[in-house]
Amino acid sequence: MLEQIQAQLDALSKSERKVAEQILAAPQQAMHSSIATLARAADVSEPTVNRFCHRMGTRGFPDFKLQLAQSLVKSPNWVSRDVEENDSVESYSHKIFDSALAGLSRVRQQLDSQIIRQAVQALSNAHKIAFFGLGASAVVAHDATNKFLRFNLPVIWSEDIVIQRMSCINSGPNDVFVLISHTGRTKNMVELARLARVNASTVLAITSPGSPLAAEATLALTLDVPEDTDIYLPMVSRLAQLTVIDVLATGFTLERGAAFRENLKRVKEALKDSRLEKQAQENN
């Protein structure tokens, strides 16, 4: 990002150049600034900062900060690219929340409504659904299973690659396999997509754009989250995947109609006995 800013300096307007020079002079400060703070430091308006961010090919100031942070990584700390060694509790807490909010906003803007609609229809028409992932994505797949188990249809989940492979080999045209992988480069996930598609099953991938898994899938919900999980702990990518699962589960209940929601209501009622009653709060 810094190289891109330097290369485009001569093409920027006078006010946009002020923003560029401020960022080049203090990139770490810019990465953790609000748009108002950066605008004041560069002596420009906030819309000028936004125009500059779009000129750099980003979707706005939060997206620009994420990409700037990615370019400033010097050495892996194996935690988060935003967190520094001497950060206080308040500092690293705010950074993680800011990164999560910006990442979710980025994904929301990018989601393809048509692909979501097709995915919801495929899930609604399925005779059987399987949710598979490995590592951190296995946790997301497990969460999806817990949601869809309430929907009165067969649902499979396993983090055992042998069971995953057998499920794909024994699949049929009415089965849907939801394969979750942030990188989309996990060899086992790509192989599962191929095995399932041989049997004419629908493969819905939740993964990165342009990845091998996206290329193998029937439908791909691509999440462009600038997080290198080869180095850092999965954070924003996992939150984005969980939120997309919530979108699909909500679409599923709406697609199935009122009668189906009555069945879901009965499931919720049946689960009440497993919980202690809420204690009424005393009024002071």
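The values are calculated or read from the model by the stated rules, or taken from the named source; none is laboratory data. Being a predicted model, the structure only gives us computed values, none of them experimental. Here the Cβ is made from the backbone with ideal geometry for all residues, glycine too, and neighbour counts use every protein chain on show. Remember, those area values only see protein heavy atoms, side chains included, never the ligands or the DNA or RNA. Shrake-Rupley method; radii C 1.70, N 1.55, O 1.52, S 1.80 Å.
Checking each residue in the stretch 32-51 for being of a type outside the set (Val, Ile, Thr), in a helix (DSSP H, G or I) and either in contact with a His (Cβ under 8 Å, 6 or more places away or on another chain) or surrounded by fewer than 20 Cβ atoms within 10 Å (Cβ to Cβ) (or both) picks out 36, 40, 41, 46, 47, 50, 51.
Selection of the stretch 182-205 for residues being in a helix (DSSP H, G or I), buried (at least 19 other Cβ atoms within 10 Å of the Cβ) and not small (Gly, Ala, Ser) yields 189, 190, 192, 195.
Within the stretch 88-109, is there a residue that is more than 26 Å from the chain's Cα centre (by Cα) and either within 30 Å of residue 242 (Cβ to Cβ) or without any contact (Cβ under 8 Å) to a residue 60 or more places away in the chain (or both)? Yes, the stretch 88-109 contains a residue that is more than 26 Å from the chain's Cα centre (by Cα) and either within 30 Å of residue 242 (Cβ to Cβ) or without any contact (Cβ under 8 Å) to a residue 60 or more places away in the chain (or both).
Inspect all residues belonging to the stretch 1-17 and state whether any of them is among the acidic types (Asp, Glu), farther than 24 Å from residue 227 by Cα, open to solvent by 80 Å² or more (accessible area, probe 1.4 Å) and modelled with pLDDT of 85 or more. No, the stretch 1-17 has no match at all. Residue count for the stretch 44-68 satisfying the condition of being under 23 Å from the mean Cα position of the chain (by Cα), of a type in the set (A, V, I, L, M, F, W, C) and closer than 18 Å to residue 7 by Cβ: 4. Only residues that are touching a strand residue (DSSP E or B) at 6+ places or on another chain (Cβ under 9 Å) and not in a helix (DSSP H, G or I) were counted across the stretch 140-154, and they come to 2. Screening residue 208 against (1) touching a His at 6+ places or on another chain (Cβ under 9 Å); (2) open to solvent by 60 Å² or more (accessible area, probe 1.4 Å) leaves a single unmet condition, (2).
The residues on offer are 142, 54, 127, and the sole one that is open to solvent by 60 Å² or more (accessible area, probe 1.4 Å) and touching a Leu at 6+ places or on another chain (Cβ under 9 Å) is 127.
For every residue, the table says whether it meets (1) closer than 30 Å to residue 95 by Cα; (2) modelled with pLDDT under 90.
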{"site": "182", "(1), (2)": "yes, no"}
{"site": "198", "(1), (2)": "no, no"}
{"site": "213", "(1), (2)": "no, no"}
{"site": "230", "(1), (2)": "yes, yes"}
{"site": "235", "(1), (2)": "yes, yes"}
{"site": "245", "(1), (2)": "yes, no"}
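Anything in the stretch 98-120 that is among the small types (Gly, Ala, Ser) and open to solvent by 30 Å² or more (accessible area, probe 1.4 Å)? List them, or say none. Listed by number, the residues that qualify are 105, 113. Here is the figure for the stretch 157-181: residues that are touching a strand residue (DSSP E or B) at 6+ places or on another chain (Cβ under 7 Å), assigned to a helix (DSSP H, G or I) and either in contact (Cβ under 8 Å) with a residue 40 or more places away in the chain or β-branched (Val, Ile, Thr) (or both) total 0. Taking the conditions (1) over 15 Å from residue 110 (Cα atoms); (2) open to solvent by 60 Å² or more (accessible area, probe 1.4 Å); (3) within 15 Å of the chain's Cα centre (by Cα) in turn, residue 218 satisfies each one other than (3).
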